[in-house]
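Working notes, structure below.
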């Protein structure tokens, strides 16, 4: 347990340092009008739109930068909460989406080939790969909730007990988890679409098709969650307070879905 806490502290500390370096670079550019310092952070994915805006003053670059920055902060603070709290397995997908952002930043390394030489470029690339691996392993640790047998006895495990998974209350928890999974999925799809379009990925030609698939999956998530909610609401197993809590989460899904559809304007209109 202590080893997990130490590992999580290292992950969060390194990511916080990368974010701090991002702001150091931005401040350096603003003060000195010099754009050559930007590769000192691993978060080039977020910094590249700012660098473009600084050079061209194109508002679209600023919108992309703000979008990615807000996403980075949301994923970072959500990851801090998830890693250090007893939470359900589904929330570990937030950590995976956070790791996914570091993997995607390798999309944006084209200009660095001309700016960074030798070891400096390798440090940049490896820092992104390392952060991706650290976050991904942290998510897997959260997802792994099986009992461990040592010397024919059950080892105490912080992440586990599954005795409640078959209880009636778990049905409500499953609906709530599905409602939380929906915006996580939509956030990841928005990030994938925005980055693919902005950085001109080879997948851009299929982006419209991908977005349609993302929308259909979101609809199915809501449909199944709503079906389960109605089944729970019509049963006599749960208190009114419990039903009201589930209903609150169900109502959030149409809001996040509307925002997800609105994000298509940023993806396809520019």
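Consider residue 55 carefully, then state whether it is in contact (Cβ under 8 Å) with a residue 60 or more places away in the chain, more than 19 Å from the chain's Cα centre (by Cα) and surrounded by fewer than 16 Cβ atoms within 10 Å (Cβ to Cβ). The answer is no for residue 55.
Filtered by the rule that a residue be modelled with pLDDT of 85 or more and under 17 Å from the mean Cα position of the chain (by Cα), the range 5-45 gives 8, 11, 12, 14, 15, 16, 18, 19. Look at the range 216-251 and say how many of its residues are farther than 18 Å from residue 174 by Cα and at pLDDT below 90. Residues flagged as farther than 18 Å from residue 174 by Cα and at pLDDT below 90 within the range 216-251 amount to 0.
Of 25, 46, all but one fail to be within 27 Å of residue 139 (Cα to Cα) and either in contact with a helix residue (DSSP H, G or I) (Cβ under 9 Å, 6 or more places away or on another chain) or touching a residue at least 60 places away in the same chain (Cβ under 8 Å) (or both); the exception is 46. With respect to (1) at positive phi; (2) modelled with pLDDT of 90 or more, the lone exception for residue 255 is condition (1).
Filtered by the rule that a residue be touching a helix residue (DSSP H, G or I) at 6+ places or on another chain (Cβ under 8 Å), under 26 Å from residue 63 (Cα atoms) and part of a helix (DSSP H, G or I), the range 198-244 gives 198, 203, 204, 207, 208, 210, 211, 214, 215, 218.
The values are calculated or read from the model by the stated rules, or taken from the named source; none is laboratory data. These numbers were taken from a predicted model, which means no experiment stands behind them. As a convention, Cβ positions derive from the backbone with ideal geometry for all residues, glycine included, and neighbour counts pool all protein chains shown.
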